[in-house]
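Data first, discussion second: the structure below is written as structure tokens.
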Amino acid sequence: MNLKDFIRSIPDYPKKGILFRDITTLIKDEKAFTEAINQIVEKSKKFNFNKIAAIESRGFVFASAVSYLLNKPFIMLRKKNKLPADVHSVDFELEYGTATIEVHKDSINKDDNVLIIDDLIATGGTAEAAAQLIEISQGKVSAFIFVINLFDLGGCDNLVKKNYKVENLIEFPGH
């Protein structure tokens, strides 16, 4: 099954000049979604990890299913002011603005190995912020797995240059 066939491309969203890769068409198809989860599980076998984290919000869709199948704790990396207890925070740049993500301080223990899952990587700013959250919490990033890599925007390359392990299921140009 070619998962690329299940990704809808929407021009000029969320702003002019952006070609948005929409995963909702993949997750609404039970066979394609199952295949994506199975591929993430298979790729995860290369890495040593005891927890799975995901970036809000579309990363939650994939990571929660993988967490369930692998019987691993699931950690939510959320937008600012969405978590009720004490948090670690990281500010970062997006392609079209700035943002903050947070994690509960008690979610990650010293020396936890954390697999980070997200739906898409573009320039990598959000992924780098997620790694910083894991490391601020004294955990280690085992690897990243993305459903989609927008290869010409350089996010995966930037993560690899910083010595992170990176996998993806499918690739598209970013524009």
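Where residues in region 138-152 are farther than 22 Å from residue 109 by Cα and surrounded by fewer than 19 Cβ atoms within 10 Å (Cβ to Cβ), which of them is farthest from the chain's Cα centre (by Cα)? So the residue we want is 152.
Considering only residues that are part of a helix (DSSP H, G or I) and touching a residue at least 40 places away in the same chain (Cβ under 8 Å), look in region 1-40 and name the one that is surrounded by the fewest Cβ atoms within 10 Å (Cβ to Cβ). Out of the qualifying residues, it is 4. Looking across 155, 124, one residue alone is under 24 Å from residue 16 (Cα atoms), in contact with a strand residue (DSSP E or B) (Cβ under 7 Å, 6 or more places away or on another chain), free of Cβ contacts under 8 Å to residues at least 40 places away in the same chain and buried (at least 21 other Cβ atoms within 10 Å of the Cβ). It is 155. Filtered by the rule that a residue be farther than 24 Å from residue 40 by Cα, of a type in the set (S, T, N, Q), assigned to a strand (DSSP E or B) and modelled with pLDDT of 95 or more, region 71-121 gives 89, 100. Hey, among the residues in region 41-77 that are out of contact with any helix residue (DSSP H, G or I) (no Cβ under 9 Å at 6 or more places or on another chain) and basic (Lys, Arg), which one's surrounded by the fewest Cβ atoms within 10 Å (Cβ to Cβ)? Among them, the one singled out is 45. Is it the case that region 129-140 has a residue that's among the hydroxyl-bearing types (Ser, Thr, Tyr) and closer than 19 Å to residue 76 by Cα? Within region 129-140, one or more residues are among the hydroxyl-bearing types (Ser, Thr, Tyr) and closer than 19 Å to residue 76 by Cα.
Picking from residues in region 122-137 that are outside any helix (DSSP H, G or I) and at pLDDT below 95, the one that is farthest from the chain's Cα centre (by Cα) is 123. The condition of being free of Cβ contacts under 8 Å to residues at least 12 places away in the same chain and aliphatic (A, V, I, L, M) holds for residue 160.
The values are calculated or read from the model by the stated rules, or taken from the named source; none is laboratory data. Nothing here was measured: the structure is a model prediction, and the numbers come from that model. Reconstructed Cβ throughout: ideal geometry from the backbone, glycine too, with neighbour counts over all protein chains shown.
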